[in-house]
Amino acid sequence: MSTNQTATRQSDALHVISDTQKDFLTININGQMFGIPILQVQDVLGEIKVTRIPLSPPQISGSLNLRGRIVTAIDVRKCLGLPPLEETDKRMSVVVIHGDELYSLIIDKVGDVLTLQEKEFEQNPATLDVTWKSISLGVYRLDGEILVILDVPKLLLSLQHTH
Amino acid sequence: MDDLIVEFLTETNESLQELDTDLITLEQNPNDKNLISKIFRLMHTIKGTCGFLGLPRLETVAHRAENVMGRFRDGNLEVTPEYVSLILESLDRVRFLLGHIEATSTEPEGSDAELIEKLDAVYEGRDAFQNGGVAQAEVKADETSGGLEMPTFDDVRTMLAEQAPAAPVAEEHHAEPTPSVAEAQVKDHKENKDSKESAESAIANQSLRVSVDVLENLMTMVSELVLTRNQLMQIARNDKDSGFVTPLQRLNHVVSDLQEGVMKTRMQPIGNAWAKLPRIIRDLSVELGKKIDLVMVGQDTELDRQVLEMIKDPLTHMVRNSGDHGIETPAERLKAGKTETGTVHLRAYHEGGHIIIQIADDGRGLPLEKIKKKIIQNGLATEEEVARMSAQQIQQYIFHAGFSTADKVTSVSGRGVGMDVVRTNIEKIGGSIEMNSVEGKGSTFSIKIPLTLAIVSSLIVAVGGERFAIPQLAVRELVLVSQKSEHRIEMIKDTPVFRLREKLLPLVSLNDLLKLGNDSHISSGFDHKYIIVTQVGGYSFGLIVDQVFDTEEIVVKPVAKILKDLTLFSGNTILGDGSVIMILDPGGIAKVTGETSMPEDADATAKISSSLGGETKTSLLLFTAGNDAPKAVPLSIISRLENIELSSIEHSDGQMLVQYRGTLMPLIPFNSSVQVGTEGQKPLLVFADRGKSVGIIVDSIIDIREEVIDVQVSQNKPGLVGSAIISGKATEIIEVMHYLNSVHGDWFKDHGDEPYLNQSGSDTVGGRPVARKILLVDDSPFFRNMLCPVLTVAGYDVVAVESPIKALELSERGDKFDLIISDIEMPEMNGFDFATKVRSSKEWQNIPMVAMTSHSTPEDIDHGYKSGFDRYIAKFDRETLLDTINRTLALGGHQS
C-alpha cells in the first residue's frame, strides 16, 4: 500500500490502525462478531465469580480478583442494549487494560485471533444504531461476516458518564 | 540534628561522591563542559540550601566557587591544570565543612579568606594566570549567574540572622570573635587533612536513597503476602490440629512486622512538607510589610510519601496565597478592628481514614463583588445567575480554570491565582478541597486526602447476601438485636431507631441504603440483626447488617475510575479467601443519610450554601397530641421514647407518676385534650435531665424528620415556639422547657431542692434583687427559644440575637450586659471571631463570655479561650449552663 493511500484513510481510524495489517481478538455477542485490538487484551477468562457493586451503573456487573488485581467487570451486552444471557448460559470475559486499570468485558464467547488487511476496513455505516456507533471504531468486511471493532476506551468512558 | 540539615548532608555527600569518579577525568580533560556544569550546579545548590539553613561559611565558599565555575561553564575562561587544583581545593573545603557540620551540627570556626581570595581573583580576572589578554572577562563577569544573585542572598541571610531565632547557627557565627587570618589558615589546613581521611561520610552511610518505585513494588508484594497470610490463617483456623499452626503463627508475626516496616518507609510526617512554609511567610511579611503569624498544628500527622509530594506544591501555594492575598497590612487590620498581626493557621489531622489539612487565615476573605464582576466579565454566568448565587457559590469560582490569570492581570486581590491547579492536583490523588470564606473575616480551606495506600483493620459484615468491609476506626461497638429481647429496633414511621444507653441512635439499614433489594427489613422484623455503632466526627449512627464476621487486615485499593462517583465506598480489596469486597466509607454514609455537619464535596456547592446559610437542619420528632395538628420537638433533647401502660400510672398529690427504671417519674399529658384513660398504651416522650426524668404523654408518634426550622408564625402561647412548615404541613414547634419547668419546679420542691429562681439567678443587692443582663447569641432560633425561658426562669434578663453581627450592633448602640453567651458555629461570623471582636471592642471588652457549642474538641476549647471566652460548655447541659453563668458572674469581669 502506498503512502498516498494511507493518507486518504479515514482519520477516525488513524489512531488505532496505523499499520497495513492489524491483529484482532474476535468475540461473539448475541451472534454478532466483534473485534478488539489484540494489544489491548490482557487475558481471556472463563466464568469467574464476580462481587456485586451496589449502586453502580447497571452495565457494571461487579469486580473480580485476577491474580491479586481487582478487575471491574462490565457486561458488554448491557452496554450494547442487548437482552441478558440466560442464567444457565456460559459466558466468558476478555480482560483489557485501560489507563493503568484492568477491566473485564463479559461477553458470550471468544473466537480466533484474526490478522486483517487495512483495505478491508471501513467506517461505521451511517445508519448504525447510535449506541453501537458510539463504541465502535469501524468495521471489517470479512467473508460472509462483518466484524465490528470495539472502541474499548470509548466504551469505558461512556460508563463514566452514564451515572 | 535538624532533619533538614541531615537531608542536606546526605544529598550533598551523595553528589560529592558522584563527582569523585568524574573528577579523575578532569585533569585529563579539563574543559569537559558536562563535568564543569555538574560542579557548577552542585555549588549552586549548596549555596542556595546553605542560605536557607543558616550556614554562612559554607555558603560563602560555595558562592565564590560557583562564580568561578560559572566562568568556566560559560567558556570565557579556559580550565588550566592550575584551575583544576583550585576547583579541587574548593571541593575539598566544601567537604571539610560538611564533615564538620555533620559531626557537630555547626560550622567550624575559622575563615576561608585565602581560598575565597583565590577564587575571587580568578573570578575577577586578576590572578597570575590570566594577567593580560583576558580583560574582557571583567565585562562579562556580572552576567554570570552568581554575581547577580549575590546581593539578594546576602540580604536575606542577614535578615534571617538578625530576625530569626530559627537560624541560631548564623547568629553564633556572627558572634564569634574572628581569629587572625593566619591562625585560621593553619587550623584549616590541619582540619583539611582530617576531613580527607573521613571522606566517607557517616551520615551518607547511615541512610540510603531508594526510589519510590522500589518501595511501591515492595509494598504491593507485602500486601500480597498479607493476603496470602490471611488465607493461610483462615485454613489453619478450620483445622486446629494441623502442624501448621505454630509456624503459621510465627509467619503471622513476621509478616505483621514486615508490613509495618514497609509502611513506615513510605510514611512521612506532614511537617516535612511544611518545613519551608515559615520561611515563605517570613519572606512575604518582610516583602509586603505585613505582620503574619504562622501557626502549625499536627506536624506529626503521617502520610504516604507519594501523597505528601503531591500536596507539597498546592499547600505552599495556598499558604502563600493566605499570606499574600488574605492577610491585610497592619494598618488595614487596625482599621478593620483586628489585631495588627494576622494569623495563618495550618492544621493537619486524621479523620475517618482521611487526612484533613486546613489552611485558615483571619484576613480579608474573598471579595465577593470583585469575583462577581469577574464571573460576568469572563462570561461564566449571566448577571441574573450571579444575583441568585449564594456567597459560597460565587466563591467557588476561584477554582475555575482561567479565572486565575484574569485575576492576576487586573490585580484583583482574590485568591484566583492557580487555585484551579491546586484543585486539580488534589483531585488527582482522590482528595477534595472546600473553602469557606467570609469577606472581612478570613478564609478557611480544607483539603481532604484519602489514604489511598494503607493497610487498615476492618470489620467484615454481610448484608443482603453480600459482604462489605467497614474500617474498624469508625466502629464504636456492635450490638446484637432481637425483637424479643430488651435490645430491639423500634420504628418511628419507617425510620428505625435504637435505644443505646439512654440515647436514641439513628439507624441506617445497609440493605436499603445500598439498594440490595433483598427481603425488606420490615417483613423480617429485624430479628437477629447486628447494629454497628459507627461514629464519624461527632455524629454517631447505627448500621443494620445481617451478620458480622471477623476483623481482617485489608489493603485499601482505590476503586476503578468508572466507579469514582460511588461515594459510599472508600475502596475495595481482596479478602483472605480471594474474593473481592467493597470497603464502606462511614463518612460517605453519614453524609447521604443526612448528617449535614459533614464536610461536603466541593461540587455539592448548592448543598453547602444552604447548610452554611444559617439554615441548620435539626432532627425533629413529630407527634400528635389532642388535635390532629402535628407537633414537633427536636430529637436531640428527647432521651427515650416509651410506650406506657396506662394502667401502671399512679397518682400522688394530683401528679401522675409511673415507676420507671426503679424511680418515680412524673408524667404530664401534653395538654388537657390528651385522653389519659386507664386502659391500653400511650406513647411517652421521656426527657431526662440531671438524673431525673419527666414523661410527656402524647397521642401518637408520626415520624422523625430532618428539617430546617423556619418559624413562620410565632405565637405567644406558653409552651409553643411557633409554627413551621415541616414536610409540607403546618407543625407546632414545642418549647419543651415550658413543660419541664412546670414539673421540675414541683419536683425540686418535693426533694427539698430550691428551684433556680432563688438559688442563683438574681443578685440581692441590699435586699433588692437586681436582674443580671445576659446576651445570648445563637443562630438557631430553636436554641434561642429554648434557652431564653430557661434563663428568664432562672432570674436573668435575657436579650437574644441571631448573629454576632447583630450583637455587635447592640454594642455600638451602647447596650450593656453582664454576660455574653455565644454559640460557636454560626454563619457569617463564628463564635471565635466574635469573641475576638468583643475583646478588642472598647465597650464590651470586660464582659465575661461563655461559649456554648454542641461539639467541642480540646483544640476548639483552646481556641475559644484564646479568642477571649472565659468558659466553655456543651449545649443542652442546662445545669452546667446555669452553674457556669452563676460562677462566671460571681467572678466579675473578663479575666484576661
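The values are calculated or read from the model by the stated rules, or taken from the named source; none is laboratory data. This is a predicted model, so every value here is computed, not measured. We place every Cβ from the backbone using ideal geometry, glycine too, and count neighbours over all the protein chains shown.
Among the criteria (1) within 14 Å of chain B (Cβ to nearest Cβ); (2) in a loop (DSSP other than H, G, I, E, B), the one residue A:86 does not fulfil is (1). The set of residues in the stretch B:826-863 being crowded, with 17+ Cβ neighbours inside 10 Å and assigned to a loop (DSSP other than H, G, I, E, B) consists of B:826, B:827, B:828, B:829, B:830, B:844, B:847, B:848, B:856.
For the stretch B:229-244, the candidate set comprises residues that are within 14 Å of chain A (Cβ to nearest Cβ) and at pLDDT below 80; within that set, the residue that is surrounded by the most Cβ atoms within 10 Å (Cβ to Cβ) is B:230.
Check the stretch B:508-520 and report whether any residue there is modelled with pLDDT under 80, over 30 Å from residue A:97 (Cβ atoms) and either away from chain A (no Cβ under 14 Å) or buried (at least 20 other Cβ atoms within 10 Å of the Cβ) (or both). Yes, the conditions are met somewhere in the stretch B:508-520. Quick check on the stretch A:50-63. Is at least one of its residues at pLDDT 85 or above, of a type in the set (A, V, I, L, M) and part of a strand (DSSP E or B)? Yes, some residue in the stretch A:50-63 is at pLDDT 85 or above, of a type in the set (A, V, I, L, M) and part of a strand (DSSP E or B). Within the stretch B:378-387, the residues that satisfy the criterion of being in a helix (DSSP H, G or I) and either in contact with a Leu (Cβ under 6 Å, 6 or more places away or on another chain) or surrounded by fewer than 14 Cβ atoms within 10 Å (Cβ to Cβ) (or both) are B:383, B:384, B:385, B:387. Provide a single number: the residues in the stretch B:553-591 that are among the β-branched types (Val, Ile, Thr) and more than 7 Å from chain A (Cβ to nearest Cβ). Result for the stretch B:553-591: 8. Tell me yes or no: at least one residue of the stretch B:318-330 is in a helix (DSSP H, G or I) and β-branched (Val, Ile, Thr). Checking the stretch B:318-330: at least one residue is in a helix (DSSP H, G or I) and β-branched (Val, Ile, Thr). Apart from one condition, residue A:22 fits all of (1) part of a strand (DSSP E or B); (2) under 30 Å from residue B:582 (Cβ atoms); (3) modelled with pLDDT under 90; the exception is (2). Is it fair to say residue B:473 is at pLDDT below 85, outside any strand (DSSP E or B) and away from chain A (no Cβ under 14 Å)? Yes, satisfied.
Applying the set (1) without any contact (Cβ under 8 Å) to a residue 60 or more places away in the chain; (2) of a type outside the set (Ser, Thr, Tyr); (3) more than 26 Å from residue B:577 (Cβ to Cβ) to residue B:253 leaves exactly one unmet item: (3). If you check A:75, A:143, A:129, A:89 for being of a type in the set (Asp, Glu) and buried (at least 20 other Cβ atoms within 10 Å of the Cβ), only one passes: A:75. Just wondering, is there one or more residues in the stretch B:547-561 that are touching a residue at least 40 places away in the same chain (Cβ under 8 Å), of a type in the set (D, E, K, R) and in a loop (DSSP other than H, G, I, E, B)? Checking the stretch B:547-561: not a single residue is touching a residue at least 40 places away in the same chain (Cβ under 8 Å), of a type in the set (D, E, K, R) and in a loop (DSSP other than H, G, I, E, B). Residue check: residue A:94 meets all listed conditions (1) under 22 Å from residue B:566 (Cβ atoms); (2) under 12 Å from the mean Cα position of the chain (by Cα) but one, namely (1). Within the stretch A:64-83, the only residue that satisfies the criterion of being part of a strand (DSSP E or B) and more than 10 Å from every other protein chain (Cβ to nearest Cβ) is A:75.
Provide a single number: the residues in the stretch A:146-163 that are surrounded by fewer than 15 Cβ atoms within 10 Å (Cβ to Cβ) and more than 12 Å from chain B (Cβ to nearest Cβ). Within the stretch A:146-163, residues that are surrounded by fewer than 15 Cβ atoms within 10 Å (Cβ to Cβ) and more than 12 Å from chain B (Cβ to nearest Cβ) number 2.
Evaluation of residue A:114 against the conditions (1) within 14 Å of chain B (Cβ to nearest Cβ); (2) touching a Gly at 6+ places or on another chain (Cβ under 9 Å) shows that the sole unmet condition is (1).
Pairs meeting the criteria (first residue in the stretch B:464-491 and aromatic (Phe, Trp, Tyr), second residue in a strand (DSSP E or B), beta carbons under 7 Å, at least 6 apart or on different chains) are B:468/B:461; B:468/B:581; B:468/B:582; B:468/B:584.
Here B:578, B:614 are screened, and the one residue that is within 30 Å of residue B:386 (Cβ to Cβ) and modelled with pLDDT under 80 is B:614. Examine the stretch A:139-146 for a residue that is within 16 Å of residue A:38 (Cα to Cα) and outside any loop (DSSP other than H, G, I, E, B), and state whether such a residue exists. Yes, some residue in the stretch A:139-146 is within 16 Å of residue A:38 (Cα to Cα) and outside any loop (DSSP other than H, G, I, E, B).
Once the stretch A:92-113 is narrowed to residues that are hydrophobic (A, V, I, L, M, F, W, C), closer than 24 Å to residue A:142 by Cα and out of contact with any helix residue (DSSP H, G or I) (no Cβ under 8 Å at 6 or more places or on another chain), the residue that is surrounded by the most Cβ atoms within 10 Å (Cβ to Cβ) is A:94.
Only residues that are surrounded by 15 or more Cβ atoms within 10 Å (Cβ to Cβ) and not in a helix (DSSP H, G or I) were counted in the stretch B:337-377, giving 26.
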